[in-house]
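To start, the structure itself, in structure tokens.
The values are calculated or read from the model by the stated rules, or taken from the named source; none is laboratory data. Note that the coordinates shown come from a computational prediction; the quantities given were computed from them, not determined experimentally. Here Cβ is always computed from backbone atoms with ideal geometry, including for glycine, and neighbour counts include all displayed protein chains.
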Amino acid sequence: MNMEMHAVNSPVIKVDAKALVTGKPVYTDDLAPKDSLIVKVLRSPHAHALIREIDVKAASEVDGIACVLTYKDVPDQRFTMAGQTYPEPSPYDRLILDQRLRFAGDAAAIVAGETEEAVDRALRLIKVEYEVLEPVLDFRQAKDSEILVHPEDNWEAMCPVGADNKRNLCAHDECSNGDIDRVLESCDIVIDRTYHTKACQQSMMETFRTFCTIDTYGRLHVVSSTQIVFHCRRIISHALGISPSKIRVTKPRIGGGFGAKQTSVSEIYPAFVTWKTKKPAMIIFSREESLSASSPRHEMQMHVRLGATKDGIVKGIDLYTLSNTGAYGEHGPTTVGLSGHKSIPLYGKAEAFRFVSDVVYTNVMSAGAYRGYGATQGLFAVESAVNELADKLHMDPFEIRFKNIVKEGDVMPAYYGQVNTSCALDRCLAKVKEMIKWDEKYPMRKISDTKARFVGMGMAMQGSGISGVDVGSATLKLNDEGVYTMNIGAADMGTGCDTILAQIAAEVLECSTDDISVFGADTDISPYDSGSYASSTTYVTGKAVEKCALELRDRIEKLGAKMLGCEKCDVTFDGKKVICESGENKDKCVTLADISTASMCGNDIALSVTNTHTSPISPPPFMVGAAEVEVDLLTGESRVVEYDACVDCGTPVNPNLARVQAEGGILQGIGMTMSENITYSDKGKLYENSFLQYKIPSRMDIGHINVEFESSYENAGPFGAKSIGEVVINTPLPAITDALSHAAGKRFYELPITPDQIAMASVKDN
């Protein structure tokens, strides 16, 4: 569908660009009161332990210490830190501080004082007597283990997600379509493999941080780098046992989140201190804390059985996913579903599928949301299995995809029975094959006696919000002089959603984005929004903005018609003025500035509109990616020299921001595949607690990333748009793995794939 647009599909500069590049005080730490108490947390050295005695007397007597809090001081009221729509699928399994400590890094005490020196001294003076318990560290052995991570009786599952704390089970689910066992038995070839992805860190530039104050009315005001202001308010309300009416949560600029800040990792501690002391309080997580006591991606093991005919038609997919939620449930029940529901539906020719999942508790740091949200892990497994199938059938990986992909109009049984309403996956495949010059490079090219370049590819889908659940809202107001204010509850965390939502409003109102001031997110002022996660902002909140702008435009025309003395049906609005098109006042007009002035006196037409949107469907964006990887065949050293990708995100509202999203996601996917790793000692101590140990790739570590778009038009989205934020991380995993598998002469089933693994595989083969 073609339509001429002036604001949407334009590379508009981010509305906050100037403030960010000139170093204006826009982040949480910049805005905190100078007299804020410094808050820090005493963390457990043990993976599993009970506090038998805790002596805080000496710590409390340190000069400048305002309070030292332990499990004896907190409400006995369990909650979840997961930012999800109520009632949360995640079990209520946390206390602010607990006598039972469930991972090395779990909170044992909170200290607040006037100076960092005083707080650090007090932390050293706290004496704790631990009863060290045996931990369960291997998630493959957690289910039905005699060691229980959550033996407490006040553990509570709010939703029927198959959870059972007495089995270390955070969630369990099963779904299927057709007779998968019969279909697999009839297949010419079955790929039967187990894949393993480790946990990995979001590694956002700004660590977790929050400050709290008591406002003029005695309410708790929480200012935090968070993606979920409304959920955060509810979480704090549950944790502290106070009414949400006593809490206000606002977010300034966010220095990156990638899903980590969909969990209320830091907010609880200063909130509790401020509520107890009535003094401002601030917590800033160190990088070590952000790596060892936060919310990384879920470790998962996926057993895939994929059956096909000898000519490459995929007939059935059987997937079992085991997910490690760690010490607390958080996003465990929701993340695991995407491993199957966002991978299996790609193969539209499949006659049957089965998807079973378990999420288990262990005594390691709890996992949370990270870009891709489980789809990343599942797509690695299913796409890798398809690539292996292509090898066994001596088929080109692109050819086998062309034969099997889901098409526009297809029903997707594994995607909740949803119809594929918009899809350019076939065009994405063709585009990427052309971009990387696949036919010239597949499967490899020799560079020298010791170096060669190998290519691999993969495809992916995601969603656009959580269907029938996510809610987006916006308030638009016409101000003096004919300019607009827009209040939103979505959180711009560097994604540019403030700009994108302004573009959508500007498209409807036929104005410049410079004429729209965007504010958000604030639980006192913003209309309710689920928050910025699940790829929902552009599709869900964007549609709310479109509806809101249309209604405001209607009211502008109505007031303009009244001023002109004609009927509303006789006027048009061109963004600057309302013009009478017929009757005795034909060609007369009134400017937008005059309309805004008229609204202040003797007026009964409100030029302020709030609108809300939810969607019964979640149209998937699609992506295809291909990697060219240079490998030193002697040492195993490898480097991505080129990565080509094509994305179908519907109409790209802002092509520049969409491209940046894609490039960043691809880089994160490369890191997950080749270098990023989380490992624990036999005592449950995290080894990779700094960027010296935890290896994220930089832009210098890779060659060229090229991103193009092949757009479908999604009728349910604003101006045809779907999401882009998450799908972009998913294709590097299977693409690079396939390339490295060809280099090593053996298949890899676990990430990350390190140089020594590649070298050792070559040695063994020789």
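Can you say whether residue 96 is part of a loop (DSSP other than H, G, I, E, B) and on the phi < 0 side of the Ramachandran plot, as far as the supplied structure shows? So residue 96 passes the test. When we screen 59, 47 for residues that are in contact with a Gly (Cβ under 9 Å, 6 or more places away or on another chain), in contact (Cβ under 8 Å) with a residue 60 or more places away in the chain, surrounded by 14 or more Cβ atoms within 10 Å (Cβ to Cβ) and assigned by TED's automatic domain parsing to the domain that holds residue 126, the only hit is 47.
Conditions tested, residue by residue: (1) buried (at least 24 other Cβ atoms within 10 Å of the Cβ); (2) within 16 Å of residue 542 (Cα to Cα); (3) not small (Gly, Ala, Ser).
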position: 600; (1), (2), (3): no, no, yes
position: 604; (1), (2), (3): no, no, yes
position: 613; (1), (2), (3): no, yes, yes
position: 630; (1), (2), (3): no, no, yes
position: 634; (1), (2), (3): no, no, yes
position: 650; (1), (2), (3): yes, yes, no
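Just one of the listed residues (656, 689) is more than 18 Å from the chain's Cα centre (by Cα), within 30 Å of residue 363 (Cβ to Cβ) and surrounded by fewer than 20 Cβ atoms within 10 Å (Cβ to Cβ), namely 689.
Of all the residues that make up region 208-262, how many are surrounded by fewer than 24 Cβ atoms within 10 Å (Cβ to Cβ), β-branched (Val, Ile, Thr) and without any contact (Cβ under 8 Å) to a residue 60 or more places away in the chain? Total satisfying the criteria: 2. One residue stands out in region 312-321 among those that are out of contact with any Leu (no Cβ under 6 Å at 6 or more places or on another chain) and in contact (Cβ under 8 Å) with a residue 40 or more places away in the chain: the one that is nearest to residue 160 (Cα to Cα), namely 321. For region 192-207, the set of residues classified as more than 22 Å from the chain's Cα centre (by Cα) and buried (at least 22 other Cβ atoms within 10 Å of the Cβ) consists of 195 only.
Let's see how each residue does on (1) in contact with a Ser or Thr (Cβ under 8 Å, 6 or more places away or on another chain); (2) among the hydroxyl-bearing types (Ser, Thr, Tyr):
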{"residue": "257", "(1), (2)": "yes, no"}
{"residue": "271", "(1), (2)": "yes, no"}
{"residue": "278", "(1), (2)": "no, no"}
{"residue": "295", "(1), (2)": "yes, yes"}
{"residue": "298", "(1), (2)": "yes, no"}
{"residue": "304", "(1), (2)": "yes, no"}
{"residue": "313", "(1), (2)": "no, no"}
{"residue": "319", "(1), (2)": "yes, no"}
{"residue": "322", "(1), (2)": "yes, no"}
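At least 3 residues being among the polar types (S, T, N, Q) is the threshold, and among the helices (runs of 4 or more DSSP H) wholly inside region 253-341 those reaching it are 332-341. Residues in region 336-359 that are β-branched (Val, Ile, Thr), touching an Asp or Glu at 6+ places or on another chain (Cβ under 8 Å) and under 23 Å from residue 185 (Cα atoms): 356 only.
When residue 579 is tested against (1) of a type in the set (Val, Ile, Thr); (2) closer than 30 Å to residue 248 by Cα; (3) in contact with a Phe, Trp or Tyr (Cβ under 9 Å, 6 or more places away or on another chain), exactly one condition is not met: (2).
The C-beta contact set for region 322-342 (first residue touching a residue at least 24 places away in the same chain (Cβ under 8 Å), second residue among the basic types (Lys, Arg) and in a loop (DSSP other than H, G, I, E, B), distance under 9 angstrom, 6+ apart or interchain) comprises 322/143; 326/102; 327/102; 328/102; 335/297. So for region 675-686 (the condition being more than 19 Å from residue 298 (Cα to Cα) and more than 20 Å from the chain's Cα centre (by Cα)), does at least one residue qualify? Checking region 675-686: at least one residue is more than 19 Å from residue 298 (Cα to Cα) and more than 20 Å from the chain's Cα centre (by Cα). Selection over region 522-558 of residues that are crowded, with 24+ Cβ neighbours inside 10 Å, more than 27 Å from residue 575 (Cα to Cα) and in contact with a helix residue (DSSP H, G or I) (Cβ under 8 Å, 6 or more places away or on another chain) gives a count of 6.
Can you find a residue that is more than 24 Å from residue 221 (Cβ to Cβ) and either of a type in the set (Lys, Arg) or assigned to a loop (DSSP other than H, G, I, E, B) (or both) anywhere in region 24-42? No. Provide a single number: the residues in region 449-471 that are out of contact with any Gly (no Cβ under 7 Å at 6 or more places or on another chain), modelled with pLDDT of 95 or more, within 18 Å of residue 745 (Cα to Cα) and not β-branched (Val, Ile, Thr). Residues meeting the conditions: 5. Exactly one residue among 145, 90 is among the small types (Gly, Ala, Ser) and touching a residue at least 60 places away in the same chain (Cβ under 8 Å), and that residue is 90.
In this structure, residue 544 does not qualify as part of a helix (DSSP H, G or I), touching a strand residue (DSSP E or B) at 6+ places or on another chain (Cβ under 9 Å) and free of Cβ contacts under 8 Å to residues at least 24 places away in the same chain. Within region 407-430, one or more residues are in contact with a Cys (Cβ under 7 Å, 6 or more places away or on another chain), touching a residue at least 60 places away in the same chain (Cβ under 8 Å) and under 24 Å from residue 712 (Cβ atoms). Suppose the filter is polar (S, T, N, Q), out of contact with any Pro (no Cβ under 8 Å at 6 or more places or on another chain) and modelled with pLDDT of 95 or more; does residue 615 pass it? So residue 615 passes the test.
Please list, ordered by first then second residue, the pairs with beta carbon atoms under 8 Å, 6 or more apart or interchain, first in region 569-586 and within 24 Å of residue 512 (Cβ to Cβ) and in the same structural domain as residue 506 (by TED's automatic domain parsing), second polar (S, T, N, Q) and surrounded by fewer than 16 Cβ atoms within 10 Å (Cβ to Cβ). Every condition considered, the pairs that remain are 576/591; 577/591; 578/572; 579/572.
Applying the condition of being acidic (Asp, Glu) and either touching a Lys or Arg at 6+ places or on another chain (Cβ under 9 Å) or in the same structural domain as residue 216 (by TED's automatic domain parsing) (or both) to region 497-521 and asking which residue is surrounded by the most Cβ atoms within 10 Å (Cβ to Cβ) yields 498. Please work out which one of (1) within 30 Å of residue 249 (Cβ to Cβ); (2) part of a loop (DSSP other than H, G, I, E, B); (3) at pLDDT 95 or above is the condition residue 495 fails and give its number. Result: residue 495 fails condition (3) only.
Screening 107, 118, 49 for residues that are over 30 Å from residue 259 (Cα atoms), of a type in the set (Gly, Ala, Ser) and modelled with pLDDT of 95 or more leaves exactly one candidate, 118. Just wondering, is there one or more residues in region 118-136 that are assigned to a helix (DSSP H, G or I), surrounded by fewer than 16 Cβ atoms within 10 Å (Cβ to Cβ) and not assigned by TED's automatic domain parsing to the domain that holds residue 273? Within region 118-136 (the criterion being assigned to a helix (DSSP H, G or I), surrounded by fewer than 16 Cβ atoms within 10 Å (Cβ to Cβ) and not assigned by TED's automatic domain parsing to the domain that holds residue 273), the answer is no, since none of the residues qualifies.
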